[in-house]
Every structure is written in C-alpha cells, then in structure tokens.
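Quick notes on the structure that follows.
The values are calculated or read from the model by the stated rules, or taken from the named source; none is laboratory data. Remember, predicted model here, so these are calculated numbers, not experimental data. Cβ atoms come from the backbone with ideal geometry, glycine included; neighbour counts cover every protein chain shown. Keep in mind that these areas ignore ligands, DNA and RNA; they rest on the heavy atoms of the full protein, side chains included. Shrake-Rupley method; radii C 1.70, N 1.55, O 1.52, S 1.80 Å.
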Amino acid sequence: MESVRIARRIAQPAAGGPVASIWGSQAKTTADMAAFVNSAMVRCLDMSDTYVMAAVSHPADAFPALVAVAEAERLDGKALLLATAIAYEAQCRFVEVVPYIERGWDQTPIVALGAVLGCSRLLALTPEQTAHAVSLAVVPNIALNQSRRGTLSMWKGMGGPQGARAGVFAAYLARHGMTAPDGVFEGKYGFWAQLMDGDVFNVPMPVDFARHTFAVQQTMIKTFPTRFNCQVPVFAAQKLRTTINPHEITSLKIESIRQAFARWLDSPEIWRPETRETADHSLPCTVAMALLDGTITPKMMERGRYKDADVLALMGRCTIELPDEFAALAPRTRCCRLTATMKNGETRVAEYRRSLDDDAADTGWEQAKHKFTELASERLEMPTVRTVIASVARLHEQPRIDELIAQLSATERNVKGES
C-alpha cells in the first residue's frame, strides 16, 4: 500500500533513546514513528477490528503504539496485554456513548486516547502525569470527519495511525515533565463544548472486573477488506449467491441499517467508486463484488475490481432501503436483507444478522490464525508464519516481547524466494 510506503520513507533511522522496530524490516526508529508506520500496516488492508455503538472505534489502530513502547522499554508480554486491555476499554467505552462522528469529527483523538492510556500504564506514569498525557494526546489531535466524505483519500486509513503516534509522543512528553491544559473534556473550550455542542457524556468505565466482558472480547474482527458495516451485507451476498446465478439478476434490493448507511446515500462516489478507500465503504459495490466473485480479497481491491464493467452494471441494478425494523435493532445487531429479482421472474431472498453477543461469544483466535495464515502465506514461508503465531500464543509467558519483535522484524529476510 502506498500510504504505508510513504510512512516508512519518512521514518528516519534511530539508534538512541526509546527506539522500536518497523515491522517487516530490520529498521529501528523512534517509538512514536514506529507506532505510526506499524499502525498504518495494521490499517492498510482494512481488515482489523471495529466496535460500533454511538460512534465507531477501530481499537487495533492503537495496538502498535503499545508494542512500540513495550519494545522500547524492554517490557514483558503481560504488561503489553494489560496495556492492550486498557486501550480497548478506553476507546470502546467512549464510542458507546459519545456520537462524535455524527457531529462531524474523525477517530484520531479516540485512538490517541486509547493509545496514551495504554502507554501511560507501560511507562508507569503517576496519575498526575497520566492526566497531562491524556490532554497532550487529545487537545492537539482533533480531526475533521471530512476525511471520510467524497472521494476517500489515503488519509482515511491514516487518521488512526496518527492517533497511535500521538499517544506515544504524549506519554513520553508527560514522563519528562511536560504539562498540559486541564479541562480537556469539561473545560469552556474542551471536547464537550467544542465538539459536542455542549452536550456532556458520562463514559461508562468498568469498576467490577470479576463479571466484566472486556471490550477486546466484543470487537468484531473483519473477514473482508471492507468497511465494518459492509461485512454483514457481504455475508448476506455469499448466502444469496448459493441459490442464484448473479448474472441473471435484473434488480437487487439491499436493506440494511440506517445508522450505518443513511449519510452515505447522497454521495455519487459510492455508486461509482474511483478509489479503493471509497469502494470498501460502498454498500452496493461490496455486495455486487461478493455476489459476482463469492468473496472480497485484498488482491481484488488492489487491482481495482470495483471498476470492472460487470460490477458497475450490477451496482446499477441495485436499490437501497433502510427499514425501521433494522434501525430498531442496531447497533447491537447488524442486519442485511437482499431481495433479487431474476430474469425468469422469480424472487430470491437472503438475510444475515450478527449481534454483539455473537461477537463476544467468539474468541476470534481461530479466525485470526486463519486470516493471518491466508494473508501472510502469500509473502512468507510457512515456517515463519507458524513461528509468529506461536509467539503470539505464548505472549503472556514472555519476560520481554523480544521474541515476537524478532519474528516481525525478521520477516524481511523470510520472504518467499529471498534470502
């Protein structure tokens, strides 16, 4: 991905101070730039994870920030896992109640919030230092949601990495004594006043962990390289495809959740995408590709499958409705119903639903192993793939995360056909 290549080009080598590895290479850079580049890699295929309630979080965007600090500070696997749980809780509980996206703001400060709290734990900051770190992460990193309107650019996938970088930078600033504005949320010109029109929100952070379902258990790991809310429609398309020949469709009605798609329907780019970033957010495009090809893969998106004549033709036969029955169930349950009218006059229907309880019931480990194997085996030898998986499985036992970092950094020397 060009966005990742650009990020790597500006990450200057570093040997002193808190340094961390750029994954897939032998290069080391500052911890904040390692977080930026590695988070860009996590995001570039649009296949990580998502949590959607009042707003949206892609909490895995913050994870590379935690890995960078844990490596730079030579910390153990348990410390990294605890910091990850903290980062996920902060981001996901925030978006449960704060509808910042509908007010016109992007995810960068939310990723920064999760990253800085996880990094503050890793750096053993005092409560006072942590408060400064949170302010230093959020105040300078308010981002406009214009990055997700119109023809989507590379930056659509880079707002999260910017938040990861900001979280690391803020935590180190606070450790070295940098003070920050108070009232970051409740102040006269704070988050609530400036971004939320004065509405104040009580973020429901847990107090009883014995019976708590952690946010890291609730997020939905993507199967396809598309926007989160297009995942269920793709599953519905796969289900419909088993009963029809998609080339025989004369009209296709797509019904899904209003909260996810209403604001996109007036965008002409959604009906004729010119960029990968726009295509993976397009409900008719992702449904059409899945019906025609049976799935959506990174290779399809990379080669511009969304521009092909048969995809555009099927999109032209689509209509979209956002019924009340689905809106009443969202966001806790995501729904999609496809109704295809065929050339012979027959009508075929397929419906797919998935809830937050479904997400929490699935640990995601088997899916993650399968997805990593499928994606990485195109570039890496299988022994390397298996070694990385084994290192992740033993992360909680590792006195330092060096083993995992070594595997991630060694991949440049274990690419198929290279030595």
Per residue, the convex hull enclosing the Cα atoms of the range 230-324 spans a volume in Å³ of 92
For the range 1-44 (alpha-carbon point model, no solvent) the Debye-based log₁₀ I(q)/I(0) at q = 0.23, 0.26, 0.34 Å⁻¹ works out to -0.67, -0.85, -1.31
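Order the peptides 304-316, 60-72 from the highest to the lowest mean number of other Cβ atoms within 10 Å of their residues. Each step should come with its number before you reach the end.
Numbers: 304-316: 16.7, 60-72: 29.1.
Averaged packing, sorted descending, gives the order 60-72, 304-316.
Ignoring ligands, DNA and RNA, what percent of the 1.4 Å accessible area of the chain is carbon and sulfur? Can you show the working numbers first?
Numbers: 9810 of 18060 Å².
It is 54 percent, rounded to a whole number.
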Here, W155 and A360, labelled 7 Å along Cα→Cβ, have an inter-label distance in nm of 3.8
Percent relative contact order for the chain, counting Cα pairs under 8 Å at least six residues apart, stands at 18
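By average Cβ neighbour count within 10 Å, what is the ranking of 225-237, 289-301 from highest down?
Numbers: 225-237: 23.9, 289-301: 19.4.
Result, highest mean Cβ count within 10 Å first: 225-237, 289-301.
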Contour minus Cα-Cα span, K253 to H212, at 0.36 nm per residue, comes to 10.8 nm
For the pair A328 and T223, the simple spin-label estimate (label points 7 Å beyond Cα toward Cβ) gives in nm 2.7
Per residue convex hull volume, Cα only, the range 180-264, in Å³ is 203
As straight-line cross-link partners of K239, the qualifying aspartates and glutamates (C-alpha separation under 15 Å, not fewer than 8 residues apart within one chain) are E255, D293, E351
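What does the highest-first list of 193-199, 374-380 look like by mean Cβ count within 10 Å?
Working: 193-199: 12.9, 374-380: 14.6.
Result, highest mean Cβ count within 10 Å first: 374-380, 193-199.
What does the charge dipole of the chain about its Cα centre add up to, to the nearest 20 debye, if the Cβ of each Lys and Arg holds +1 and the Cβ of each Asp and Glu holds -1?
On the way: 46 positive and 47 negative charges, 147 e Å.
For the chain, the charge dipole is close to 700 debye.
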re the range 28-98: pairs of Cα atoms spaced beyond 17 Å account for a percent value of 48
Listed residues E96, E321, E255; largest mean-square fluctuation, Gaussian network over the chain with Cα springs below 10 Å, found at E321
For the chain, the per residue accessible area (1.4 Å probe, Å²) is 43
The answer for the per residue Cα convex hull volume of the range 145-231, in Å³, is 190
